[in-house]
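Colleague: Next up is a structure, given as structure tokens.
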Amino acid sequence: MLPSNFGLPPYHFRCRTELVPAWIDSEQIDGVLMNNTSPLNKDEVVKHIDKTGVERVLKNNNTHIAKKHKESSVENIVKALNSINTTAPNKDNRYINTFSDNGYFMVFNGNEIVTCYKPNENKKEAFDYFKRRSVYDKKEVIKWKIVNLI
């Protein structure tokens, strides 16, 4: 049963909008609650719908994070996905860089997580790192903070 104020297509003349149902499940792995559209596959470590509404996936074969960034546990990655505040294309325009409220810098290739780490304990310096690595003129701010205005 849909609420009475829920609008259904068509919205305008020649409207091609379709309404597609999506089922969102919650799954707790190692004490971390992940929201996703299906359970983790064998080759996935993280599958979580981030703050922007995109389901992000970290694959088992991505050993970069586990080897190089020990602070990026599954719990910290999910927290970072839940607190994304700014996104921008990276300098070579192949990936998307993001910065989160907890100071994590993440790189996405489509919906796949390429890397996630804290470049600096100081949030302002970490955000400056994000700005240097991104095409900052094309940023999209998800959640405004004073640091985004500087």
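Rule-based calculations on the coordinates, nothing more; no lab input. Note that the coordinates shown come from a computational prediction; the quantities given were computed from them, not determined experimentally. Glycine also receives a Cβ, built like all others from the backbone with ideal geometry; neighbour counts cover every protein chain displayed.
Colleague: Enumerate the helices (runs of 4 or more DSSP H) found wholly within the stretch 42-150, keeping only those where 3 or more residues are under 28 Å from Gln28 (Cβ atoms) and not acidic (Asp, Glu). Even if it seems obvious, please write down each step before you answer.
Modeller: Working: elements: 63-68, 74-82, 123-133, 146-149.
Qualifying helices (runs of 4 or more DSSP H): 63-68, 74-82.
Colleague: So, of the residues in the stretch 53-82 that are free of Cβ contacts under 8 Å to residues at least 40 places away in the same chain and touching a Ser or Thr at 6+ places or on another chain (Cβ under 9 Å), which turns out to be farthest from Lys123 (Cα to Cα)?
Modeller: So the residue we want is Ala66.
Colleague: Starting from residues that are acidic (Asp, Glu) and part of a loop (DSSP other than H, G, I, E, B), keep the ones in the stretch 1-41 and report whichever is farthest from Glu112 (Cα to Cα).
Modeller: The extreme case among them is Glu18.
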